[in-house]
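To keep things clear, I will list the structure first and then write my remarks on it.
The values are calculated or read from the model by the stated rules, or taken from the named source; none is laboratory data. Everything quoted here is computed from the prediction, not taken from an experiment. Glycine gets a Cβ as well: all are built from the backbone with ideal geometry, and neighbour counts include every protein chain shown. To get the accessible areas, we keep the full protein, side chains included, count just its heavy atoms, and leave off ligands, DNA and RNA. Shrake-Rupley method; radii C 1.70, N 1.55, O 1.52, S 1.80 Å.
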Amino acid sequence: MDIKENISLKDYSTMRLGGQARWLAEAYEENDIPVLIEWAKHQNVPFMVIGSGSNIVWRDEGFSGLVIVNKILGKQILNEDEDSATIHIASGEIWDEVVGWTVEKSLSGIEFLSLIPGTTGAAPVQNIGAYGAELSNNLIEVGVYDDETNAFGSIIASQCGFGYRTSRFKKADKGRFIITSITIKLSKKSPIPPFYESLKNYLSEHKISELNSKVIRDAVMNIRSSKLPDPAEIANNGSFFTNPFIDQDQFDSLKQKYPEVKGWPTKDGRIKLAAAWLVEEAGFKGVHDDETGMSTWPTQALVLVNEHAKTTADLLSFKQKIVDKVQELFGLTLEQEPELLP
Ligand code: NAP
């Protein structure tokens, strides 16, 4: 296997910052995973598996072990009936290409998750979601390599510990499983409202009443690309903060002070706040910070952009300015969404 040495990790994060990997190799098939892990163990160095780096911030110190880049490809329909199709997707497939492929086949379920950057293997880790849909709604099982038992296996959706933008792969079992594939079940029926307001508005403005997965994918792609920078051109990690959840009492007192605050009730009785609103209200919409070379995107303040930052320390210092201001104004601590590695 081709194991490279001293590779810049800037090329493995869409934020384009960070140090070097001591070792780096690409895995093209499932069986490459145990071989590479064994190699790292033999060298007595740590390893980590990454996808396309869209949700990763590398530390300036870099990583002294082996970075395994997931390039395992393959997608196929396992079975289908009148109403649905069950699909198996290898974890190195680019998520948005998978969505496009399912929509071409007139299948519905993941079209709301169009243009979410990253690989398929990263999707269950944070249970990706957008416009009210989330991966767990369609997921049947996740194929894994278990580093504890040194064996391939699968974990059914109910055992994945899915929550809002989270799973056991991100929390309790972080680092244990390497995701090799996912199996999802999609519908042959059209998507049905209610939709998020931004999507509903787009459909009515464009006088679209006949709904199917293609119409929704096109709408989501148009809305997203009008609001969000393309990570292939502009260095960013998408939303940099997750939406905070607060108690009703806390929300009521916030609403008294800020009547325009945005919040949505959740199943457990708590209120989900729009992190973007907090960041904007804290004065960080479309801000260019000369000191760090960072900015926030003018049409989506949740997106932090590396304009000419030199180090991850610059990014973290800019992030801290936002976190501190939001804390001072609202008494809330924003949580970072992209993972800081190692
Ligand atoms: P938007 O539609 O203006 O909504 C702003 C925020 O309010 C979102 O975070 C969304 O929460 C929440 N929200 C809106 N309508 C809601 C409803 N009916 N019920 C519950 N929550 C509601 O925001 P946007 O910034 O254009 O984002 C649209 C979608 O794309 C969102 O789902 C968002 O998560 C997703 N997105 C993802 C990224 C990324 O980098 N991964 C970046 C931007 C946007 P949720 O986030 O929980 O949906």
- Note on the structure: So, first residue over 13 Å from Asn222 (Cα atoms) and touching a residue at least 60 places away in the same chain (Cβ under 8 Å) in the range 190-210, second residue of a type in the set (S, T, N, Q) and in a helix (DSSP H, G or I), Cβ within less than 7 Å, six or more apart or across chains; the pairs are Pro191/Ser213
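Let me confirm something: among Ser226, Ser253, which residue is away from the ligand (no atom under 13 Å from the Cβ) and at negative phi?
Ser253
Residues are listed down the side, and each one gets a yes or a no for (1) under 30 Å from Tyr196 (Cα atoms); (2) within 16 Å of the ligand (Cβ to nearest atom); (3) assigned to a loop (DSSP other than H, G, I, E, B); (4) open to solvent by 50 Å² or more (accessible area, probe 1.4 Å):
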{"site": "Lys272", "(1), (2), (3), (4)": "yes, yes, no, no"}
{"site": "Ala276", "(1), (2), (3), (4)": "yes, yes, no, no"}
{"site": "Val279", "(1), (2), (3), (4)": "yes, yes, no, no"}
{"site": "Leu304", "(1), (2), (3), (4)": "yes, yes, no, no"}
{"site": "Phe318", "(1), (2), (3), (4)": "no, no, no, no"}
{"site": "Lys321", "(1), (2), (3), (4)": "no, no, no, yes"}
- Query: Picking from Ala282, Ala275, Ala301, Ala309, which residue would you name as being touching a residue at least 60 places away in the same chain (Cβ under 8 Å) and not β-branched (Val, Ile, Thr)?
  - Reply: Ala309
- If you go through the range 110-125, how many residues are touching a Pro at 6+ places or on another chain (Cβ under 8 Å) and either over 16 Å from Val220 (Cβ atoms) or open to solvent by less than 20 Å² (accessible area, probe 1.4 Å) (or both)? 1
- Note on the structure: Within the range 230-249, residues being on the phi < 0 side of the Ramachandran plot, crowded, with 18+ Cβ neighbours inside 10 Å and either assigned to a helix (DSSP H, G or I) or within 13 Å of the ligand (Cβ to nearest atom) (or both) number 8
- Message: Condition (residue is open to solvent by less than 80 Å² (accessible area, probe 1.4 Å) and of a type in the set (Phe, Trp, Tyr)) applied to the range 33-44: is it met by at least one residue?
- Response: yes
- Item | Subset tally (residues that are out of contact with any Pro (no Cβ under 8 Å at 6 or more places or on another chain) and open to solvent by 20 Å² or more (accessible area, probe 1.4 Å)) for the range 62-80 | 9
